[in-house]
Structures are given as structure tokens and as C-alpha cells.
């Protein structure tokens, strides 16, 4: 029995805990920029979690989903940033 899948799943669990900590900044961020960066960080953690779970369970489809989610996370960050700049939220 290999120890590698257990280590990968433990790493995914650690990233879930980090995402829960960053969720505080999303809910209580003093500025819109703090919230955008926190949402982007959570999205990046989700991509890493998907990749780790896919590697641990030997599921190549999870890696495909992680790549698509990474692209959507990037586009979401750009859209929110553009919306914030247009509303005058950037000093």
C-alpha cells in the first residue's frame, strides 16, 4: 500500500483549512481590493485541491476540471477588477 495518496489527500486538507482562514478576509475585508484578492486566493486553493485529489485518486478528469477552473478564476478576477476600476473603487 502506497503512502503517496494519503500524503496528497492530507495536503488537500491543509489547503481546505487555509481557504477557510482566507474566507474571513472575504467576509470582513475592509476594502473591495482585499475581498477580490481573497476570492482569487480561495479560487487558486480550489484549483490546487482539485489537482491533489485528482492525483491521489488517479482521476485525470479532475485535473481537466482544475485547469478549466483556473481559467475561470483568472477571468473572474479580471472582470471584478475591471468593474471596480470603472466604478471608481480604486484610489
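Only the coordinates and a few stated rules stand behind these numbers; no lab work does. The structure presented is a predicted model; accordingly, all values stated were derived computationally and were not measured. Positions of Cβ are backbone-derived with ideal geometry, glycine not excepted, and every protein chain shown enters the neighbour counts.
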- Query: residue 57 to residue 3: FRET efficiency via 1/(1 + (r/R0)^6), r the Cβ-Cβ distance, R0 25 Å, to the nearest 0.05?
  - Reply: 0.95
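Mind ranking 50-62, 70-82 by how tightly packed they are, going by the mean number of other C-beta atoms within 10 angstrom, highest first?
Values: 50-62: 15.8, 70-82: 13.5.
Answer by packing, highest mean first, reads 50-62, 70-82.
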- the chain: angle of helix 32-56 to the longest principal axis, Cα-based, in degrees nearest 10: 10 degrees
- Task: Taking 7 Å along the Cα-to-C-beta vector as the label spot, tell me the residue 78-residue 21 distance in nanometres, rounded to one decimal.
- Result: 3.1 nm
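Quickly rank 4-15, 21-32 as a protection proxy: mean count of other C-beta atoms within 10 Å, highest first. Provide the component values of the computation, followed by the final result.
Numbers: 4-15: 14.2, 21-32: 12.7.
In descending order of packing, they fall as 4-15, 21-32.
Taking the chain, how much of its Cα-Cα pair set, in percent, is spaced more than 22 angstrom apart? Numbers along the way, then the final one.
Working: 1558 of 4095 pairs.
Pairs farther apart than 22 Å: 38 percent.
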- Query: Hey, what angle do you get for helix 60-86 against the long axis of the chain, alpha-carbon based, 0 to 90 degrees rounded to 10?
  - Reply: 10 degrees
